[in-house]
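*Asks:* Sending over a structure as structure tokens; questions will come in a sec.
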Amino acid sequence: MIYSNNDSKLNYSGKWETFTKEGVTIFSSAEKGAFVEFEFCGTGFTWYAHTNKWRGKANVYVDGEFMASVDLYSLNEVLNVKAYSIENLPNKSHNVKIEVLGERNSKSI
């Protein structure tokens, strides 16, 4: 199953902005604590993101457990970068939360 940024199964909290790049609608937030949350049934998921020199960091939680801090900075702008992936979860329903940290890479603008 694939969820796109504007899928009704994604729950956004906080201030989010949208823009379109190469026909893709991108959701972005710089607000510390803003998050997107969704549920899926299965053994893993992959989060693809938009990276560039303006992006910051986010934390990923699965079933309420901190999994990773992800830095979305890149010198060059890239669409559909694999930002985070996890496999081998129990085959059941899971909750994923991706939270904006309000922090950035020291190279980020």
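*Asks:* Applying the selection to region 32-73, what residues are among the charged types (D, E, K, R) and in contact with a Gly (Cβ under 9 Å, 6 or more places away or on another chain)?
*Replies:* Looking only at region 32-73, we keep the residues that are among the charged types (D, E, K, R), and these are 32, 37, 39, 53, 55, 57, 63, 65, 71.
The answer is K32, K57, D71.
*Asks:* Would you check which residues across region 75-84 are surrounded by fewer than 17 Cβ atoms within 10 Å (Cβ to Cβ) and in contact with a strand residue (DSSP E or B) (Cβ under 7 Å, 6 or more places away or on another chain) and list them?
*Replies:* Step one: filter region 75-84 for residues surrounded by fewer than 17 Cβ atoms within 10 Å (Cβ to Cβ), giving 75-82.
E77, V78, L79, N80, V81, K82, listed by residue number.
*Asks:* Please work out which residue is farthest from the chain's Cα centre (by Cα), limiting yourself to region 55-107 and to residues that are within 22 Å of T25 (Cα to Cα) and of a type in the set (S, T, Y).
*Replies:* Ranking the candidates gives S74 first.
*Asks:* While we're on this one: Which one of the conditions (1) outside any loop (DSSP other than H, G, I, E, B); (2) at pLDDT 95 or above; (3) within 14 Å of the chain's Cα centre (by Cα) does F40 fail to meet, given that it meets all the rest?
*Replies:* (3)
*Asks:* Among the residues of region 7-28 satisfying the criterion of being modelled with pLDDT under 90 and of a type in the set (D, E), which is nearest to E77 (Cα to Cα)?
*Replies:* Among residues in region 7-28 that are modelled with pLDDT under 90 and of a type in the set (D, E), the one nearest to E77 (Cα to Cα) is E22.
*Asks:* Taking region 43-60 only, how many residues are assigned to a strand (DSSP E or B) and of a type in the set (K, R)?
*Replies:* Initially, region 43-60 is screened for residues assigned to a strand (DSSP E or B), giving 45-52, 57-60.
Next cut, of a type in the set (K, R) only: 57.
Of the residues in that region, 1 qualify.
*Asks:* Specify the residue that is farthest from N5 (Cα to Cα); the eligible residues are those in region 38-53 that are touching a Phe, Trp or Tyr at 6+ places or on another chain (Cβ under 8 Å) and open to solvent by 50 Å² or more (accessible area, probe 1.4 Å).
*Replies:* Selected residue: K53.
*Asks:* Name the single residue that is least open to solvent (accessible area, probe 1.4 Å) among those in region 23-37 being in contact (Cβ under 8 Å) with a residue 60 or more places away in the chain and either part of a loop (DSSP other than H, G, I, E, B) or over 17 Å from K97 (Cβ atoms) (or both).
*Replies:* We begin by selecting, within region 23-37, every residue in contact (Cβ under 8 Å) with a residue 60 or more places away in the chain; these are 29-37.
Checking the rest, the ones that are also either part of a loop (DSSP other than H, G, I, E, B) or over 17 Å from K97 (Cβ atoms) (or both) come to 29-34.
Working: S29: 27, A30: 95, E31: 76, K32: 155, G33: 31, A34: 1 Å².
Filtering first and then ranking leaves A34.
*Asks:* Also, quick follow-up: Would you point out the residue of region 2-18, among those that are open to solvent by less than 100 Å² (accessible area, probe 1.4 Å) and in a loop (DSSP other than H, G, I, E, B), that is nearest to E99 (Cα to Cα)?
*Replies:* Let us first name the residues in region 2-18 that are open to solvent by less than 100 Å² (accessible area, probe 1.4 Å), namely 3-5, 7, 10-14, 16, 18.
If we keep only those that are in a loop (DSSP other than H, G, I, E, B) as well, we get 3-5, 7, 10, 14, 16.
Values: Y3: 17, S4: 17, N5: 15, D7: 18, L10: 13, G14: 10, W16: 12 Å.
So, considering only residues that are open to solvent by less than 100 Å² (accessible area, probe 1.4 Å) and in a loop (DSSP other than H, G, I, E, B), the one nearest to E99 (Cα to Cα) is G14.
The values are calculated or read from the model by the stated rules, or taken from the named source; none is laboratory data. The structure presented is a predicted model; accordingly, all values stated were derived computationally and were not measured. Note: ideal-geometry Cβ built from the backbone for every residue, glycine included; neighbour counts use all protein chains shown. For the accessible areas, the whole protein counts, side chains as well, though only heavy atoms, and no ligand, DNA or RNA atoms are used. Shrake-Rupley method; radii C 1.70, N 1.55, O 1.52, S 1.80 Å.
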